[in-house]
1. What do you get for GluC sites (Glu not before Pro) in the range 248-301 restricted to DSSP loop and a cutoff of at most 10 other Cβ within 10 Å of the site's Cβ?
2. Scan around Arg109 for amide H atoms under 5 Å from its own, H built in the peptide plane at 1.01 Å from N, and keep only partners 5 or more places away or cross-chain.
3. Taking H as built 1.01 Å from N, whose amide H comes closer than 5 Å to the amide H of Val241, not counting residues under 5 places away?
4. Can you give me the long-range amide H partners of Ile148? Hydrogens built in the peptide plane at 1.01 Å from N, cutoff under 5 Å, separation of 5 or more residues or another chain.
5. Starting from 0.36 nm per residue, how many nanometres of slack lie between Arg301 and Glu269 once their C-alpha separation is accounted for?
6. Taking R0 as 45 Å, what FRET efficiency do you get between Tyr96 and Thr259 from their Cβ-Cβ distance, rounded to the nearest 0.05?
7. For the range 70-310, what mean projected area does the convex hull of the alpha carbons give, in nm²?
8. Within a 10 angstrom radius of the beta carbon, how do Thr259, Thr216, Thr281 rank from fewest other beta carbons to most?
Amino acid sequence: MFIFANNLQAVCVIAENFENLEVSAAFLLEWLASRRRRALSGKYTMTRRTLGGALLGAVANRNMGAQTGRWLVYYSNQAPVHAFDPYSFLILDSRYHPPLAPLRKQGKRLIGYISLGEASEDYAYFGDLLAEGLLLKASATWKGNRYIDIRDRRWHARLCEKIVPAVLAKGFDGLFLDTLDSPLHMEQVEPAAFAGMAASAAQLIQELRRRYPRITIVLNRAYSLLDKVDSHIDVALGESVYSTFDFERKEYRLVAPETYRLQVRWLQEAARRRSGLRVFTLDYWNPADPAGIAKIYREERANGFAPYVTSVDLTNVVNEP
């Protein structure tokens, strides 16, 4: 291990290797100071190689963060383009979405939805997965969905070689990875029958990053994977962190305090582990209650998160009050 004798020397060394990066000296100095503190504590080995790799990630995430601003999730194609004016980071359904070209012209970052752990009957490849024996039991939450055996390499190949390229070809800048909680839960409940689900989930994310190093990857929940994949994603998203929708009682409600605190801890720990990792929170509340929505925004921002609050169907653009 070595530690640079002074900050100026470090900045010069970094500049030699990354002379094309458009970052300020102040950013480099601030970033280096945090690395030196970790090196002195014994938690980080500071070499040219580790500095270089870590700096690339830090700069990439800093640039993305500067462009993110407000964000939303919207799964419909009915809203007019001007409805997205307040937002610069849009998570959209990859099949039913507003026109992407005018949004791209406005410089918005467009993220397409992909379900990694479940398949719906209306997916074009549902029949193929069924014929290949890749579909497991029916989803306990969403009618018509089946769990996918993500341990099977045929699913990895289909996802990486067919599904993802098709989504990106539409004009999306990245992927929103959803439904990985399902296989993780299956292994937790029935470890003998579904051993390897968690390991395969982590491998799948790592493979996506290896194959598509320049795209933005947003991971929904899957909290138990964060310490294994936080260096491979750009955004960790917590869904139903502070508030949610109770499908049995058909009403919006706050999340149980202990569950809320646990999610906050997991997300904050991920942010501390990975410098530059952005943390989004997606909470659900009645759009007719602006005071309630405003309270959720205040709560999540106090946690250090970037929040969005909307209706549970995700087919409305709900602006912050």
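Rule-based calculations on the coordinates, nothing more; no lab input. These numbers were taken from a predicted model, which means no experiment stands behind them. Note that we place each Cβ from the backbone using ideal geometry, even for glycine, and neighbour counts take in every protein chain shown.
1. Numbers: sites: Glu248, Glu251, Glu258, Glu269, Glu299, Glu300; in loops: Glu248.
Filter output for the range 248-301: Glu248.
2. Hits under the 5 Å cutoff: Phe89, Leu90.
3. Leu282
4. So Ile148 has HN proximity to Glu118, Ala119, Leu136.
5. 9.9 nm
6. 0.90
7. 13.3
8. Thr259, Thr216, Thr281
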